[in-house]
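Written out below as C-alpha cells is the structure these notes cover.
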Amino acid sequence: MNRRILLIALILNFASLDAQINPDIKPKPSEAKPIKIGEFHSFTADNNMKVFLIQKRGYPKFRISIDFGVPLIPEEREPEARKILAEIFSKGNLNYSSDTIKEITDYYASSVGGSVNGVSCAGMKSQLEKMLTMMASYITAPKISEEYVRESALKNASRVRESEKAPKKALTRNFMATLEDSLTFYKDISLQKTEERAEVYDTITKAAVISYLNKYINPDNSYCIISGDFTIEEANLLLMNYLNEWENGNRFQGDYTNLYSYNFPQTRRIYVVDKPEAVQSKISVKWPLLDAFPYGENEPLLMVMNQIYGDGYLSNLNKNIRLDKGLSYGAKNFLSNNITGGSCVSATMVRNEETAYALENIFFEMLRMRNELVSDEVLNRAKSGLLGDFSLSMSNINSPAIIGFGMVKDKYNLPDDYLATYPDKLQSITAEDVRKASQKYIKPYECLVFIEGKVEDIKGTLEKYGIVEYYTSDGQRIYLP
C-alpha cells in the first residue's frame, strides 16, 4: 500500500516538473530586483591618502588597491628612474620575493601585485592579514639596492644604445591604414614624451631611484580603492596599521593636457583601396560624435541608441545585413566615447559584388534610426540587455567598472551614487529620446566610407552615394574612365 502511494506521488511530481520546464511555454518575467552594488564612501585617511570605499555588507571577499600619482608618460621627465624602479618592483620586495608571493597567492587563490604605478591585493577576507602584509611590503620595504640599480642601469643603457645603432625599420602598414589615419577626425598635437638616454643610465644611482620613489610614491600623492565588508573606521584603521611606516610627501600637480586638431567631414566621401585577389569587401563607415565624453550625462542614452542601431545580434544593422539579406556573417557599430568627443564605426564584410547593396542598407538603417520611432519591444529589449550587462559588471569584487569609477570619480566630479542611479537613467529613456539622439549623433551624410575590395567588381556602383576615390594597395590613385 505504501509503495503504491509513493509511486502515485512520484508520477504526480514528474508530471508537475514536466509542466514547469515545457519549452513551448515562456516563463513570465519576474519583477526586477534592485542591483546591489554596495555603499560608496569617499574620505581622506589619517595619512592624507584619498580613499574610495565600496562597502559590501556580509561579502566574504575583499580588494584593496593603491594607485600612485606618478606622472603620465608624456609628462615623465625621469624615464630612467621610472624604468629601474619598475624592474625592482617586479622582483618583489625585501620581505617577499616575487616567487614567494606567487606561491602564497596560488595556495590561497588570491592575488597580490606591485608595480611602479600601484599595488593591490584581493582574496577572501579571512586571508586579509596575509595579503595586506605582502602588499604593504612593496611600499614600506622596496627592494632597492646598489646592486639592483647598477644591474638594471647597465642592461637598459645597453638596450638604448643598441636601439640607436639599429637601422630604422620602415613603417609596415598597408595603405588603407595610412589613408584612414590621415583622414582621422582628431589629430593628437600634444607634446612628445621624454625619451630614455643611455648616458643617464650610466650615472644613475640608488639615491636617485629612492628620490624618485619618495617624490611620487607617497600617501599624499596616492589614492586607494577598497571593496568589501568594511566601515570607514575599519578601512582607515587597516591603512594606518599596515602602512604606518609610509612617509608623507607632496602631491604631484601635473599640467599635461591632451591637445587635438579637428577635421570633421562636411559631406560623405568614399575611399576604395584595391585588393585584386579579394572575394570580399571590408566596409567601414565612420563619423565623429563631437560630445560623447566619458561619464557624460548623455552616455546612457548613447548606449541605448547604439544597442538598437548596431551593437548586438538583434540590432537593426545586424538584422538587416546578416539575418534578413544574408550579405554577411555579421555587421556591428562600434561607439567610442572618449576625451576627443567620441566616434562611431559601422563595419561589415560582404562579397565584392554586394558592396554597394550592403552600403545602401547601412545608410538605410542610419536614416531609419533618425526618422522612425522604435517600438516598445525593441526599446525594452535594448534597455534590458544593457541592464543585464551592467548587473554582471557590478557582481565581481574585482569589477573593472567599479574600480574604474573609483579611479576617475574625482577627475570627473562624479557623485558617490553614480553607479547606483545608472540603471534608473537607462530605464527612463523613451523612444522619442532615442530618435532625437539619432538625429544628433547618427550622420549618414557627414561620414567617411572606407572600403577594401576588388575594384574591378566594385567600380561604378558607389558613385550614387557620394564622391569616390580609388587607390591601389600601395597608394597610387586610380582614375577610372
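The values are calculated or read from the model by the stated rules, or taken from the named source; none is laboratory data. Owing to the predicted nature of the structure, the values given are computational and were not obtained by experimental measurement. In this analysis, Cβ positions are derived from the backbone assuming ideal geometry, glycine residues included, and neighbour counts consider all displayed protein chains. Remember, those area values only see protein heavy atoms, side chains included, never the ligands or the DNA or RNA. Shrake-Rupley method; radii C 1.70, N 1.55, O 1.52, S 1.80 Å.
Miscellaneous remarks
- Filtered by the rule that a residue be farther than 25 Å from Met49 by Cα and in contact (Cβ under 8 Å) with a residue 40 or more places away in the chain, the range 88-125 gives a lone residue, Lys91.
- Residues that are touching a helix residue (DSSP H, G or I) at 6+ places or on another chain (Cβ under 7 Å), assigned to a loop (DSSP other than H, G, I, E, B) and aromatic (Phe, Trp, Tyr), drawn from the range 231-278: Trp246, Phe252, Tyr256
Yes/no per residue for (1) of a type in the set (Val, Ile, Thr); (2) open to solvent by less than 30 Å² (accessible area, probe 1.4 Å); (3) at pLDDT 95 or above; (4) in a helix (DSSP H, G or I):
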| position | (1), (2), (3), (4) |
| --- | --- |
| Leu6 | no, no, no, yes |
| Leu12 | no, no, no, yes |
| Ala15 | no, no, no, yes |
| Ala19 | no, no, no, yes |
| Pro34 | no, no, no, no |
| Phe52 | no, yes, no, no |
| Pro74 | no, no, no, yes |
| Glu80 | no, yes, yes, yes |
| Thr100 | yes, no, yes, yes |
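- Top-ranked residue of the range 104-131 - restricted to ones that are assigned to a strand (DSSP E or B) and of a type in the set (S, T, N, Q), ranked as nearest to Tyr223 (Cα to Cα): Ser120
- In the range 405-419, of all residues being at pLDDT below 85 and surrounded by 14 or more Cβ atoms within 10 Å (Cβ to Cβ), the one that is farthest from the chain's Cα centre (by Cα) corresponds to Asp416.
- Residues located in the range 181-212, provided they are within 29 Å of Glu147 (Cα to Cα) and of a type in the set (Val, Ile, Thr): Thr194, Val200, Thr203, Ile204, Thr205, Val209, Ile210
- Qualifying positions in the range 251-277 - open to solvent by less than 50 Å² (accessible area, probe 1.4 Å), at pLDDT 95 or above and touching a strand residue (DSSP E or B) at 6+ places or on another chain (Cβ under 6 Å): Ile270, Tyr271, Val272, Val273
- Taken over the range 84-98, residues that are open to solvent by 50 Å² or more (accessible area, probe 1.4 Å) and in contact with a helix residue (DSSP H, G or I) (Cβ under 6 Å, 6 or more places away or on another chain) amount to 3.
- Extreme residue, farthest from the chain's Cα centre (by Cα), among residues of the range 287-314 that are surrounded by fewer than 23 Cβ atoms within 10 Å (Cβ to Cβ) and hydroxyl-bearing (Ser, Thr, Tyr): Tyr313
- Filtering Thr203, Thr178, Thr231, Thr184 for residues that are β-branched (Val, Ile, Thr) and without any contact (Cβ under 8 Å) to a residue 12 or more places away in the chain leaves a single hit, Thr203.
- Out of Met124, Met135, sole residue that is in contact with a helix residue (DSSP H, G or I) (Cβ under 9 Å, 6 or more places away or on another chain) and either charged (D, E, K, R) or within 16 Å of Cys224 (Cβ to Cβ) (or both): Met135
- Number of positions in the range 218-230 that are over 18 Å from Lys61 (Cα atoms) and in a strand (DSSP E or B): 2
- Some residue of the range 380-388 being of a type in the set (Ser, Thr, Tyr), open to solvent by 50 Å² or more (accessible area, probe 1.4 Å) and under 30 Å from Ile66 (Cβ atoms): no
- Comparison of Val200, Val209 shows that the only residue that is at pLDDT 95 or above, within 30 Å of Phe52 (Cα to Cα) and touching a helix residue (DSSP H, G or I) at 6+ places or on another chain (Cβ under 7 Å) is Val209.
- Any hit, the range 176-186, residues being part of a strand (DSSP E or B) and either modelled with pLDDT under 95 or closer than 30 Å to Gln266 by Cβ (or both): yes
- Considering residues of the range 444-459 that are in a loop (DSSP other than H, G, I, E, B) and out of contact with any helix residue (DSSP H, G or I) (no Cβ under 7 Å at 6 or more places or on another chain) only, the residue nearest to Tyr471 (Cα to Cα): Lys459
- Counted residues, the range 432-463 - those being open to solvent by 20 Å² or more (accessible area, probe 1.4 Å) and either aromatic (Phe, Trp, Tyr) or touching a residue at least 12 places away in the same chain (Cβ under 8 Å) (or both): 14
- The condition (being surrounded by 14 or more Cβ atoms within 10 Å (Cβ to Cβ), closer than 14 Å to Ile84 by Cα and not aliphatic (A, V, I, L, M)) is satisfied by just one residue among Glu196, Glu180: Glu196.
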